[in-house]
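Everything on this sheet refers to the single structure shown next.
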Amino acid sequence: MRKFAARSLITLAAMTTTMLAVATAVRSQPKPATPNTTTSIEISRPEKPVIPSSKKASFVKMFEDIAIAPRFTPKEIELRGISGGGVETQKKSGRKVTETGDCIGFVDAEPDHRITLTKPFRSLKMQVKSSGDTILLVRGPGGSWCSDDVSDRNPEIGGDWLEGTYEVWVGSYEENTSFPYLLQLTEQP
């Protein structure tokens, strides 16, 4: 009990010292100009970071839109994003149930990806990989399709696909929760 009380006193003393230091720093700031004084403000863009030529810059692209044709390479395409949203999936799909699953969960107002198929696919699979409980909504030529919990807590939709542009949402089972995800596209023979 005494150790706890001593720790509490030390913590309280440290917090008080910090608060006094912040208050002193704020009070020591120069006073703002009076309304009759002209003040000029200079706005400048931050300089781009210099990357040594021996090192390559790496950037992670998220929420990409793509166009693909049958027999695309590499054999597996991965798109990245963050799942979730505040809109009920049923409102975006226009249905409660589709041939591929129930339209449950929550998505963003706008699609996460637009995938254009330049020719029809005999067998294409879209599969979400995430550590959280995600859902998938695809809307395009021929209708809307939903999926949930096909592989663990991850959705997938596969089969024949018509030529055209598909809007793809990766949502979350619970409202306003989000998880990083990979959306994998593979063509099956």
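The values are calculated or read from the model by the stated rules, or taken from the named source; none is laboratory data. Computed from a prediction, not measured in an experiment: that's the story for all the values here. All Cβ positions, glycine included, derive from the backbone under ideal geometry; neighbour counts span all protein chains shown. Areas reflect the complete protein model, heavy atoms only, side chains present, ligands, DNA and RNA absent. Shrake-Rupley method; radii C 1.70, N 1.55, O 1.52, S 1.80 Å.
Key figures
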item: Filter result for the condition that a residue is within 22 Å of Asp65 (Cβ to Cβ) and either out of contact with any His (no Cβ under 6 Å at 6 or more places or on another chain) or not hydroxyl-bearing (Ser, Thr, Tyr) (or both), over Glu99, Glu174, Glu110; result: Glu110
item: Test result for Gly81, surrounded by 10 or more Cβ atoms within 10 Å (Cβ to Cβ) and either modelled with pLDDT under 95 or part of a loop (DSSP other than H, G, I, E, B) (or both); result: no
item: Every residue from the stretch 36-78 that is modelled with pLDDT under 80 and not in a loop (DSSP other than H, G, I, E, B); result: none
item: Within the stretch 157-172, considering residues that are of a type outside the set (S, T, N, Q) and buried (at least 19 other Cβ atoms within 10 Å of the Cβ), the one farthest from the chain's Cα centre (by Cα); result: Trp161
item: Cross-chain or 6+ apart pairs with Cβ under 7 Å, the stretch 86-99 first and at negative phi, then assigned to a helix (DSSP H, G or I) and open to solvent by less than 80 Å² (accessible area, probe 1.4 Å); result: Lys96/Gln90
item: Any chance Val170 is part of a strand (DSSP E or B) and closer than 13 Å to Gly101 by Cβ; result: no
item: Selection within the stretch 117-155 - in a loop (DSSP other than H, G, I, E, B) and loosely packed, with under 15 Cβ neighbours inside 10 Å; result: Thr118, Lys119, Pro120, Ser131, Pro141, Gly142, Asp152
item: Residues (open to solvent by 50 Å² or more (accessible area, probe 1.4 Å) and touching a helix residue (DSSP H, G or I) at 6+ places or on another chain (Cβ under 7 Å)) located in the stretch 91-116; result: Lys96, Ile104
item: Count - residues of the stretch 173-189 that are open to solvent by less than 40 Å² (accessible area, probe 1.4 Å) and within 16 Å of Leu124 (Cβ to Cβ); result: 4
